[in-house]
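Right, one structure below, let's go through it.
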Amino acid sequence: MEIFLQLLLNGILLGGTLAIISIGLTLIFGIVRVVNFAHGEFLMIGMYAVYLMNQHFGVHPYVAIIPAVALLFMLGAGMQRFIIQPLLAAEGHIQIFATVGVSIALMNAALMVFGADVMTVNNPSGLGTGSVGIGPLRASTGQLLTFAVSLALVGGLHWFLHNTFLGRAVRATAQHRNAALLMGVNVNRIYIFAFGLGCACLGLASGMIAPQYPVFPTFGTFFVLTAFVIVVLGGLGSLSGALIGSILIGVVDSLAGYYIAPDLKEVVYFMIFLAILIFRPTGLFGAGRGSE
Amino acid sequence: MNFLHPRVYLSLAALSLLLIIPFSTGSNFVFHLFILICSYAALATAWNIVGGFAGQLSLGHAVFYGAGAYVSTLLMLHLNLSPWIGMFVGAAVSIVLAVIISWPCFRLRGPFFALATIAVLEVIRLLVINQHDFTGGAAGLAVPLKIGAEWMLFRARWPYLLIAFGFLVITLLVSWKIKHSRLGYYLIAVREREDAAQAVGVNAVKVKLIAVVLSAALTSLIGSFHAMYLTFIEPGAMFSLELSIQIAMFALIGGLGTLSGPLIGTVIVLPLAELARGWLGDAGSGVHGLVYGLVLVAFVLTIPQGLVGRFGERVSRWVDKLPGSRTSSPKPKVSIRAAHLSTTIGAPILVAENLHRYFGGLHATNDVSLSVKEGEIVGVIGPNGAGKTTVFNQLSGFIQPSSGVVKVRTVDGQWISPSSPAEFAIAGIGRTFQIVQPFADLSVCENIMLGAFMHTRDPEEARQIACEVAALTDLTQLLDSRAKNLTVGGMKRLEMARALATRPRVLLLDEVMAGLNPTDVTKAIEIIRRVRATGVSVLMIEHIMQATMTLSDRIVVISSGAVLMDGDPQTVVSNPEVIEAYLGKEYNHATA
């Protein structure tokens, strides 16, 4: 029983890490309607940025979040402006190819620049690497913090989208591009902002998870497929869906890894993914537009 | 295939360069490069059958490649079976796999299909790693080195090149055959507009499955061969997402859905990346991947339709100036539309009994019964939102009624109840859509041919039928224009023409005159008359009363989902209830 509870807790906490990575993806899809296959590579870039700042200036990864967020916002905005925007009218498969191309290029560029070595941040303060006891259970402080931050991120984004003028413009654009255009919303600028915002979430994510995960050029692929599973599970475009989906997948990952086999846990959640795609393509909490 | 045509002899000459260049240099590296080109071009061509012709963006095609490689290697290891036989077992396994994967996934559109194929690829890869006692796990398997032609294993490179070239030729032939057959047209139709394709009798799931099965089998055969060439296989390389993306990318760069595109894309990009890797060798390991990524983004941003899509027509025009390309004289016209008037004119042909249809709480169709006699024109009128189109959708299988039946009398007098749009079309119910659904990128002629394919497999014959139908619907001058360039009137006539080409016995017309100018309306009325003269029954929803009154033998009024009245035109329009349904109570009071 104690093992089960510990596994459950591990799963939920892993869910926090997955959530902070997936939120940006679902945000971008929900607004720009583009599935960004390069999402994982943006995370990888964020991780390298945090790593470099840590190495050269000795800052704690949590501090490096601020420049990482700014950097990724600009990368995302640039990607939207120069790659996605010219293709908005193109067919869906063309956009997929474009983001896949960016993904391959970034991954290999990182391989050229940094080599294939696994790199870890220096963290002499120990903040974000220890663990605390909760009754008989143990929890990693880094994961606890990440979980709290991802909750705050979902809450903050929700507040922003519902209570600010810009947020409303973003939601209007997401719901009907042309109607928003007629209401005087600069749709292209909203898209650039939204793509940047989605990527900026990854800047936050990379700082939060850097104490726990080393970085390497294919780091993105390690997480991105899981992020897709989560986002489809929660319903593409749904923030709270992504959060709940993350926790579900985290728990499945943790339990399946122990009770079935460590190397089959991905099989389990990919099977769930396929089942969701086939039987409920709008996701568990989707707004019913998933098959668009 | 006419070998004297310049398109054919030039293509064959270009293709033979793939053999001539390596044999004339004799260098091992060049042989290796050309073996890679031939096998990747074959993979890309096979992928294009699904990704290009059928428009299903698969990013998990390495599943079939890996399955071929593993099955033939395992059969060789355990049963001492030659890969020449094993590869067919692998292809069979891949076909089964393809059907299991694709059947449920075809419902998914756009990125969802791509994601599902990636997920399947990952699942299979992880399972292969997990079952290590059988598959060798992550460490991989070495192919037993039994040198000899019967084992597909050679010391020299050249036999491998010949085999790879053979596979390339086979995939190109299959692809050529598909493109020039009814299947090719059907695949394009389903890719462009699934609804309209079903309305001309295309079984969308079936044609997509055929495409996937062919593509999977070919991919698997090449996978088996590649395993023998590499002599070592491991899950990471065989079931790789990277490989899947690479072959899709070659096809995209050459031109999706074109015949030569995948080959041309491979010939251009693969050597570029291989050479970049060679030159920069030590400078970094990511170079060739970086080249792939950048080339892909650059192409997508500049010529997303691919090289062949962009420049193909121009090149073909130059080529056609070469000797040998005289256009074949048109065949003597065979009249397809045999003038045999049915002997059962006047008997019911389409009957709907007590149709009910609910959308949630909305009772959209309420106890609708109607019957259409052979050779009759029935007008369906009713206020906006009355549920006329919903009834049409049930009469053509696009919506299943919640209760009630639709029956069609077949040519030999049987009554049947079809269950899908395609079955309705085959039973002789042709329809148009209120919102026109042309296959925009196809020519008018090809649009009509798609209808004609219901009764013929031969594209030439379909073209004949298309010409005849075009004459009937005043489209002859527009046969070669793209459907998207037509005027509203032209599009509506095209809708009618496509339905007529299926040689329907009942034609359902959903507001074919809405939005037309008076000249076009007169034209449309004339066409409907001509259609009826050939013995076809017409059921038409129409708001233009001039047309309804002059054409209809009988008018059915639908209001709030129910049949309000059914009678001859004069009685119907003077009926107070009908006037009330259209114009409101006040109008009756005012005139009373």
Some residue of the stretch B:551-574 being under 20 Å from residue B:386 (Cα atoms), surrounded by fewer than 20 Cβ atoms within 10 Å (Cβ to Cβ) and of a type in the set (Val, Ile, Thr):
yes
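What residue, of B:63, B:71, B:96, is more than 14 Å from chain A (Cβ to nearest Cβ), in contact (Cβ under 8 Å) with a residue 60 or more places away in the chain and assigned to a helix (DSSP H, G or I)? Write out each step before concluding.
On the way: B:63 fails: more than 14 Å from chain A (Cβ to nearest Cβ); B:96 fails: in contact (Cβ under 8 Å) with a residue 60 or more places away in the chain.
Only one candidate passes the filter, namely B:71.
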When every residue in the stretch B:190-218 that is under 22 Å from residue B:40 (Cα atoms) and touching a Ser or Thr at 6+ places or on another chain (Cβ under 7 Å) is compared, the one surrounded by the fewest Cβ atoms within 10 Å (Cβ to Cβ) is B:217
Could we say that residue B:89 is more than 14 Å from chain A (Cβ to nearest Cβ), part of a helix (DSSP H, G or I), buried (at least 19 other Cβ atoms within 10 Å of the Cβ) and of a type in the set (Val, Ile, Thr) here?
yes
What number of residues within the stretch A:229-259 are surrounded by fewer than 24 Cβ atoms within 10 Å (Cβ to Cβ) and within 12 Å of the chain's Cα centre (by Cα)?
1
Tabulated pairs, the stretch A:177-195, first assigned to a loop (DSSP other than H, G, I, E, B), second not β-branched (Val, Ile, Thr), C-beta under 8 angstrom, 6+ apart or interchain
A:183/A:172; A:185/A:169; A:185/A:172
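Determine whether residue B:243 is within 14 Å of chain A (Cβ to nearest Cβ), surrounded by fewer than 17 Cβ atoms within 10 Å (Cβ to Cβ) and under 33 Å from the mean Cα position of the chain (by Cα).
no
Taking helices (runs of 4 or more DSSP H) that fall entirely within the stretch A:30-129, which contain at least 1 residues that are within 8 Å of chain B (Cβ to nearest Cβ) and hydroxyl-bearing (Ser, Thr, Tyr)? Break it down into steps so the answer makes sense when it comes.
On the way: elements: A:39-57, A:61-79, A:92-114.
Fully inside the stretch A:30-129 and qualifying: A:92-114.
For every residue, the table says whether it meets (1) away from chain A (no Cβ under 13 Å); (2) over 14 Å from residue A:108 (Cα atoms).
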site	(1), (2)
B:258	yes, yes
B:261	yes, yes
B:285	no, no
B:289	no, no
B:294	no, no
B:298	no, yes
B:302	no, yes
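Residues that are out of contact with any Lys or Arg (no Cβ under 8 Å at 6 or more places or on another chain) and surrounded by fewer than 22 Cβ atoms within 10 Å (Cβ to Cβ): does the stretch A:95-108 have at least one? Outline the logic, then answer.
Initially, the stretch A:95-108 is screened for residues out of contact with any Lys or Arg (no Cβ under 8 Å at 6 or more places or on another chain), giving A:95-108.
Narrowing further to those that are surrounded by fewer than 22 Cβ atoms within 10 Å (Cβ to Cβ): none.
No - not one qualifying residue is present in the stretch A:95-108.
Sort through B:166, B:137, B:148 and tell me the only one that's within 14 Å of chain A (Cβ to nearest Cβ) and surrounded by fewer than 19 Cβ atoms within 10 Å (Cβ to Cβ).
Values: B:166 fails: within 14 Å of chain A (Cβ to nearest Cβ); B:148 fails: within 14 Å of chain A (Cβ to nearest Cβ).
Only one candidate passes the filter, namely B:137.
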Please state which of the following conditions residue B:146 fails to meet, knowing it meets all the rest: (1) in a helix (DSSP H, G or I); (2) in contact with a strand residue (DSSP E or B) (Cβ under 7 Å, 6 or more places away or on another chain).
(1)
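Take the residues in the stretch B:102-112 that are more than 9 Å from chain A (Cβ to nearest Cβ) and either in contact with a strand residue (DSSP E or B) (Cβ under 6 Å, 6 or more places away or on another chain) or in a helix (DSSP H, G or I) (or both); name whichever of them is modelled with the highest pLDDT.
Taking the stretch B:102-112 first, the residues more than 9 Å from chain A (Cβ to nearest Cβ) are B:102-103, B:106.
From what is left, the residues that are either in contact with a strand residue (DSSP E or B) (Cβ under 6 Å, 6 or more places away or on another chain) or in a helix (DSSP H, G or I) (or both) are B:102-103.
Working: B:102: 84, B:103: 80.
The residue in question is B:102.
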Condition first: within 18 Å of residue B:471 (Cα to Cα), free of Cβ contacts under 8 Å to residues at least 24 places away in the same chain and not hydroxyl-bearing (Ser, Thr, Tyr). Can you find one or more residues in the stretch B:509-525 that meet it?
no
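The values are calculated or read from the model by the stated rules, or taken from the named source; none is laboratory data. Every value quoted in this text rests on a predicted model; they were computed, and no experiment measured them. With ideal geometry, Cβ positions are generated from the backbone for all residues, glycine too; neighbour counts draw on all protein chains shown.
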